[in-house]
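Notes follow the structure.
The values are calculated or read from the model by the stated rules, or taken from the named source; none is laboratory data. On a predicted model such as this, the values are computed, not experimentally measured, just so you know. Because the Cβ atoms are built from the backbone with ideal geometry, glycine has one as well, and the counts that use them run over all protein chains shown. Each accessible area value is taken on the protein alone, full model and side chains, heavy atoms only, with ligands, DNA and RNA left out. Shrake-Rupley method; radii C 1.70, N 1.55, O 1.52, S 1.80 Å.
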Amino acid sequence: MIKEEPTEKPKKKQGKSKEEKANFLCKTYRFRVREKQVSSSLWQFIHQSVGNQRFVYNHFLNRMNQFWLQQITLKQELESQNKPLPEGFKTFLTRNEMEAELTVLKQTKIIKEITDENGHTEVMEFRHFLNDTHSQPFQSTIKQASEAMAEFAKKKRGKPQFRKKGECTESVHYKQLRPTTVNRKKGYVILPGTQEKLPVHFHRTFKSREIPKTMTLKCDNGKWFICIQTEYKLSRKDHDKREYNRNNVSADNTLAYDLGVNKMIVSHEGDYIDYFTKTKLSLDKLAKRLIVLQRKLSHKYEVRKKQKQKFKDDAEKTAKLKYSSENYKKLQSRIQKLYAKIHRIKVDFLHKVSHCMSKNHTHIVREALAIPQMTKSARRLKLENNPRYKEKLAQRFLDKPWLAKVYSERKQNRKLLNKNWGMFNLFLEYKLAWNMGFMHKVNPAYTSQTCSVCNHKSKDNRLSQSLFICQQCGVKAHADVNAARNILFKAFSPLREVVGTDIPQLKRINSYLQRNALSSDQTEILI
């Protein structure tokens, strides 16, 4: 007998390498669905796919919770008996195991008893309702559930919660698209799993080289949108532009900015960008209206809570008293619309500012701020106009003087979160990449306490939020402008050694940069 040599298994397709990813750029387009033109059968398909996704997420989250409890109890028993853990011990299910369970779940048939008008009963078999939805949305939900449970097992986040109808965002994600699914000229999209056409308002067109890769159908505040992510390969012209920007760094195309509380963006040249007066007034009006509606909502909740406590013994009355009545839901929808309007105003402003900055500068320097850690202790303050609360607060400050500093930090954290620093940095970073620019992040340590002229570092230099007076050389400047100059100096640290520390004005550095181009070693600092 001649033994057959084992055939080699085909290798799995590996993802793109770093060099290949550098040659590609991704863009996401968001379009509005023409809801009035959508057929009833297509609406039924969309809502069913959303519900099936929610069912799959909750099903596998329950399975992972049970498996996690079993493994944790087994681990505790073995540790108490001083026994080693078995090989391949794990506390949560893998994605491959969940996908295998999903295929078995789809193959199971649902048995129902159907009675006729004459009273005859028949036992009939139906295929599982999960087969009516495409498999791609289920893969994304399994990935979300596994990542949430893995972060909980590593103690990075809390325990993931089950999704409820109406309380979670309704979305369907497709990670692979055919070229025939998106038709821009005729204005429709064919969803995988159905042959019906979803009418979409394409208010802008893709470039000829942009290929649609993924698609997400999402409901945002009662309105349906479709997000299409495209990918295109950089041309030779784009590579040349990137190399030119990399090797030609000057003061004209470089900008350093500091993020402030009073003024949102302050550049090293002394220019500042903040919300216009009209937008500030409109945001203040919306915030006041939001406070009034939130008070009404909390009042309705408290009234219903007291009623439930009153009728504890009577089970029928407590069952009828629900927290979410029709008026309660209407108030919730009004609050959601106000939040969406405030979000749209802020995002529109941030998009305009980031677009302008990325278009006019090829190199931008900013602080590498850890915003979640800066605002970690932020809590919601009670109403300051309440006299009883003021008396209690004053008594607390007498008993515990350190509380005054904590409460002032909370106010500061709310101001920081209101400025949307993280969103602005994200917008600016990817728009710079689109324009073949470069973003450089600098360590923010002591940038607000150091003098940009004599390099003297002290806490006493910064007297207030906006005033900076050096205790050594006596230079007066705006605190945020001084910080932005220090950010620029940190990026050009080799240049600072060449020029020297005694620099009276930033204009000297600008003229030096224009006269003398940086070498290749010095350009690596900004890249």
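Note on the stretch 460-473: residues that are hydrophobic (A, V, I, L, M, F, W, C) and exposed (fewer than 15 other Cβ atoms within 10 Å of the Cβ) amount to 3.
Among the residues of the stretch 262-289, those that are open to solvent by 20 Å² or more (accessible area, probe 1.4 Å) and either of a type in the set (F, W, Y) or touching a residue at least 60 places away in the same chain (Cβ under 8 Å) (or both) comprise N262, K263, E269, G270, Y272, I273, Y275, F276, T279, S282, L283. Checking the structure you have, find out if any residue of the stretch 180-196 is under 21 Å from Q53 (Cβ atoms), surrounded by fewer than 16 Cβ atoms within 10 Å (Cβ to Cβ) and within 27 Å of the chain's Cα centre (by Cα). Within the stretch 180-196, none of the residues are under 21 Å from Q53 (Cβ atoms), surrounded by fewer than 16 Cβ atoms within 10 Å (Cβ to Cβ) and within 27 Å of the chain's Cα centre (by Cα).
Pairing each residue of the stretch 334-350 that is in contact (Cβ under 8 Å) with a residue 24 or more places away in the chain and part of a helix (DSSP H, G or I) with any residue that is of a type in the set (S, T, Y) and surrounded by fewer than 15 Cβ atoms within 10 Å (Cβ to Cβ), provided the two are 6+ apart or on different chains, yields C-beta distances under 9 Å for I345/T279; K346/T279; F349/T279. Of the residues Q471, Q465, the single one that is part of a loop (DSSP other than H, G, I, E, B) and farther than 29 Å from C356 by Cβ is Q471.
If the condition is being open to solvent by less than 30 Å² (accessible area, probe 1.4 Å), touching a Leu at 6+ places or on another chain (Cβ under 6 Å) and at pLDDT below 90, then the stretch 210-231 contributes no residue at all.
Restricting the stretch 81-123 to residues that are in contact with a His (Cβ under 8 Å, 6 or more places away or on another chain), outside any loop (DSSP other than H, G, I, E, B) and of a type outside the set (A, V, I, L, M, F, W, C), the residue that is farthest from S146 (Cα to Cα) is Q107. Within the stretch 282-304, identify whether any single residue is of a type outside the set (V, I, T), within 26 Å of the chain's Cα centre (by Cα) and closer than 30 Å to F24 by Cβ, and answer yes or no. No, the stretch 282-304 contains no residue that is of a type outside the set (V, I, T), within 26 Å of the chain's Cα centre (by Cα) and closer than 30 Å to F24 by Cβ. One residue alone among K75, K36, K109 is open to solvent by 80 Å² or more (accessible area, probe 1.4 Å), more than 30 Å from K431 (Cβ to Cβ), of a type outside the set (V, I, T) and over 34 Å from the mean Cα position of the chain (by Cα), and that residue is K109.
Selection of the stretch 413-443 for residues being at pLDDT below 80 and either touching a Cys at 6+ places or on another chain (Cβ under 8 Å) or open to solvent by 20 Å² or more (accessible area, probe 1.4 Å) (or both) yields R414, K415, L416, L417, N418, K419, N420. Of the residues making up the stretch 474-494, those that are touching a Phe, Trp or Tyr at 6+ places or on another chain (Cβ under 6 Å) and either closer than 30 Å to R242 by Cβ or open to solvent by 10 Å² or more (accessible area, probe 1.4 Å) (or both) are A477, A484. Within the stretch 290-325, the residues that satisfy the criterion of being modelled with pLDDT of 85 or more and open to solvent by less than 100 Å² (accessible area, probe 1.4 Å) are L290, I291, V292, L293, Q294, L297, S298.
Among the residues making up the stretch 135-162, those that are small (G, A, S), assigned to a helix (DSSP H, G or I) and either out of contact with any Lys or Arg (no Cβ under 6 Å at 6 or more places or on another chain) or free of Cβ contacts under 8 Å to residues at least 12 places away in the same chain (or both) are S135, S140, A145, A148, A150, A153.
Does at least one position in the stretch 447-459 carry a residue that is hydroxyl-bearing (S, T, Y), open to solvent by 50 Å² or more (accessible area, probe 1.4 Å), at pLDDT 80 or above and in a loop (DSSP other than H, G, I, E, B)?
Checking the stretch 447-459: not a single residue is hydroxyl-bearing (S, T, Y), open to solvent by 50 Å² or more (accessible area, probe 1.4 Å), at pLDDT 80 or above and in a loop (DSSP other than H, G, I, E, B).
Every condition in (1) assigned to a strand (DSSP E or B); (2) open to solvent by 80 Å² or more (accessible area, probe 1.4 Å) holds for K207 except the one numbered (1).
The numbered conditions (1) without any contact (Cβ under 8 Å) to a residue 12 or more places away in the chain; (2) open to solvent by 100 Å² or more (accessible area, probe 1.4 Å); (3) under 24 Å from the mean Cα position of the chain (by Cα) are all true for K165 except (1).
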